[in-house]
């Protein structure tokens, strides 16, 4: 399996090369040359596999330049009961009304980002050791990617992490998770702006190919294809755990900000997994929902990006959306490049002529407000005795509109509720459960470097602290 760029300007590369690169040289995103297919007989053979063995089977279809035995060892090292709390790794949590949660928040930072990031840490270490090299990871976070990346990479000798986060736009728990880390290879930089500004800086630095090569800059955001491939696994896992017969359809509801999580569902569906609907749930920042409703993609500027009570989805420019458009346009890199040039020039593009195609891909969508989140958190607590976080509440609220008889609806859990205690208290009048390992987290000393909204300033910091 080799990888191309969504904009058509990259020589086909093996997985281990695109793992370390982040953005393609032409500014696009790496995508596989073809989508591997999985038939019903193969799905049936996977039904009793453990999570790491299932991960091996799915990932080996995307990763052909790492021996399968090595890949299996990496998956077993990443997905352990010690790290994820139980042998299930991803438990199913039944809710009333025909819904279940896909429990993706059992990892070390209590968010679904751990599912990919724990594997990514082992993949980086494996490849860098064999190449006798180092990597400086530059990333942007709206809350959970940062801590998941830092916990996966902390203490690794060949890797340094430089994580940009928006000042004042994350919860106190999220900030403490990241900023309390004292490892020498972890660098937290707060940017005076919103998440999209952080993401723009990452892309600007990555677009400077000479700088990127000289300072060995890589990525852990979901622009890194390995993140998407790892997330594909839990769609197969969810389907295998809630179905009983071949071909039975399942719908998934996905709280979505940067489009990576639901893109993994699109990939799984393209591989042959019987997915009926991919239900995209947004908060008040509904750029993606608007696109699937109207066909017009119109990202907002920083001033129009609302600060909400589901802050990890306060995103207006979704990086992974480009990968879906690549598929929508028949994998035509030149057309994708032209669209993104138009986007930079005009601030939007119109693909409303493709509206009938959205249903063929299984996409549906909806939005959720602060009042919706509070009501949903309260309802789930009262009916099911379970406390859910605000992002998961967005998913549950929107999912209820698409429940169909005989079709299981799995809502992808985003995080554990302790990460958003203020909203939980407002919803149910009680403190969310706090895992013992995080007692007193917010009181720990924090190490963070404020930075202006300027790519050159970030480059200067990288030069001083990069590992070479």
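Quick note: the coordinates plus some simple rules give every number you see, no bench work behind them. These numbers were taken from a predicted model, which means no experiment stands behind them. Heads up, the Cβs are rebuilt from the backbone with ideal geometry, glycines too, and the neighbour counts pull from every protein chain shown.
For region 405-457, what class follows from the C-alpha gyration tensor (a ≥ b ≥ c being the square roots of its eigenvalues): rounded when a/c is under 1.5, otherwise prolate if a/b is larger than b/c, else oblate?
oblate
Mean separation of Cα pairs under 8 Å and 6+ residues apart, divided by the residue count of region 198-316: what relative contact order is that in percent?
Normalised by residue count, the contact order of region 198-316 is 20 percent.
Tell me the mean residue ellipticity at 222 nm calculated for the chain from its helices only (DSSP H runs of n ≥ 4, each -39500 (n - 2.57), averaged over every residue, nearest 500).
About -13000 deg cm²/dmol.
Sorting check: for 164-175, 12-23, which peptide has the highest mean count of neighbouring beta carbons within 10 Å, and how do the rest follow?
Going from most to least packed, we get 164-175, 12-23.
Given the convex hull over the Cα atoms of region 81-175, what projected area results after averaging over all orientations, in nm²?
Computed as one quarter of the Cα hull surface, the answer is 7.8 nm².
Once each part is reduced to its C-alpha centroid, what is the distance from region 1-56 to region 201-231 in angstrom?
Each part reduced to its Cα centre gives a spacing of 16 Å.
Just subtract the alpha-carbon distance of residue 355 and residue 77 from 0.36 nm times their residue separation and send over the number in nm, one decimal.
Full extension from residue 355 to residue 77 adds 95.8 nm.
Taking 0.36 nm per intervening residue step and subtracting the Cα-Cα distance, what contour gain separates residue 426 from residue 208 on full extension?
74.0 nm
Can you tell me how region 45-84 classifies by the Cα gyration tensor, rounded, prolate or oblate, using a/c under 1.5 as the rounded cut?
oblate
Rank by packing, highest mean first: peptides 431-439, 305-313, 141-149, with packing defined as the count of other Cβ atoms within 10 Å averaged across residues.
In decreasing order of mean packing, 431-439, 305-313, 141-149 become 141-149, 305-313, 431-439.
Please give, to one decimal in nm, the separation of the simple spin-label points placed at residue 461 and residue 386, each 7 Å out from Cα toward the Cβ.
Here the answer is 3.8 nm between the modelled labels.
So what is the relative contact order for the chain, in percent, with contacts set as C-alpha pairs under 8 Å and at least six apart?
20 percent
Identify the residues of region 158-192 with backbone N under 11 Å of a label point that sits 7 angstrom from the Cα of residue 290 along the Cα-to-Cβ direction, or state none.
none
If you count, for each residue, the other Cβ atoms within 10 Å and average over each peptide, how do 260-271, 288-299, 192-203 line up from highest to lowest?
The peptides rank, most packed first, as 260-271, 192-203, 288-299.
Starting from the Cα of residue 369, move 7 Å in the Cα-to-Cβ direction to define the label point; list residues of region 398-428 whose amide nitrogen is under 15 Å from there.
398
For residue 86, project a label point 7 Å along Cα to C-beta. Then give me every residue of region 32-65 with its amide nitrogen under 14 Å of that point.
Under cut-off, by backbone N: 51.
Percent relative contact order of region 261-370, based on C-alpha pairs within less than 8 angstrom and at least six residues apart?
Relative contact order here is 42 percent.
Give me 93, 277 ranked fewest to most by other Cβ atoms within 10 Å of their Cβ, as a rough exposure proxy.
93, 277
Taking a ≥ b ≥ c as the square roots of the Cα gyration tensor eigenvalues, with a/c under 1.5 meaning rounded and otherwise prolate when a/b beats b/c, else oblate, which class fits region 350-465?
oblate
Spin-label point model (7 Å from Cα, Cβ direction): what's the residue 41 to residue 70 distance in nm?
3.1 nm
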